[in-house]
Amino acid sequence: MGKTLFFEELIFLDEQFKTSDELFASICPKLLAGGWVKESFQEAVIAREKVFSTGLQTEPVAVAIPHTDAEHVKKSFIAFIRLRNEVVFEHMGIPGQEVLAKFVFILGIAEQKKQVVILSNMIATFADLELMDSLLEMMNKKDIQLRLNAQING
């Protein structure tokens, strides 16, 4: 792919939220203010999450990869949120099963046809236990950005 999708200003470390809606209410306005998304993004990502949930029970921690259609995105990005606490998301493939996500990757992909490829790359990233472990400990946003971009670009 060779494209930068992770940006230092979209990496949020040790955030604390009670619910996924609270997380979206905090992060989505920052995406809007930065010119990454349209005003419709927050509502669209919440609505999509209710229909097509995005929680994945991965190791060492569970993740969620909320996203929505390209029409709500201005510039492609992936926001990384490492939570201090875990937030409940519904499991992607098992309706009604909860996943306690520690990492949330909000995907904003401006080109709809690239979304499936990026989602596949993200799922492969979650299988890298060494990377996932390091994301629990890393404190430097620039280092996290470089590591994640290198990983997603293969």
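I'm checking my understanding of the structure. Among residues of segment 60-90 that are within 18 Å of I152 (Cα to Cα) and of a type in the set (D, E, K, R), which one is nearest to the chain's Cα centre (by Cα)?
In this case the residue turns out to be R82.
Taking the options L148, L83, name whichever one is buried (at least 19 other Cβ atoms within 10 Å of the Cβ) and under 15 Å from T4 (Cβ atoms).
So the residue among L148, L83 that is buried (at least 19 other Cβ atoms within 10 Å of the Cβ) and under 15 Å from T4 (Cβ atoms) is L148.
What number of residues within segment 13-44 satisfy the criterion of being in contact with a His (Cβ under 7 Å, 6 or more places away or on another chain) and assigned to a helix (DSSP H, G or I)?
Going through segment 13-44 one residue at a time, the tally reaches 2.
Please indicate, with yes or no, whether at least one residue in segment 135-145 is in a helix (DSSP H, G or I), surrounded by fewer than 16 Cβ atoms within 10 Å (Cβ to Cβ), free of Cβ contacts under 8 Å to residues at least 60 places away in the same chain and touching a helix residue (DSSP H, G or I) at 6+ places or on another chain (Cβ under 6 Å).
No, segment 135-145 has no match at all.
Exactly one condition in (1) without any contact (Cβ under 8 Å) to a residue 40 or more places away in the chain; (2) surrounded by fewer than 22 Cβ atoms within 10 Å (Cβ to Cβ); (3) under 17 Å from G108 (Cβ atoms) is not met by T54; state its number.
(2)
Pick from E130, E86: which is in a helix (DSSP H, G or I) and either among the aromatic types (F, W, Y) or at pLDDT 95 or above (or both)?
E130
Identify, please: which residue in segment 104-127 is touching a strand residue (DSSP E or B) at 6+ places or on another chain (Cβ under 7 Å) and among the small types (G, A, S) and is, among those, surrounded by the fewest Cβ atoms within 10 Å (Cβ to Cβ)?
Once the filter is applied, the top-ranked residue is A110.
The values are calculated or read from the model by the stated rules, or taken from the named source; none is laboratory data. Here the structure is a predicted model, which is why all the values come from computation and not from measurement. Every residue, glycine as well, gets a Cβ built from its backbone with ideal geometry; the counts of neighbours run over all protein chains shown.
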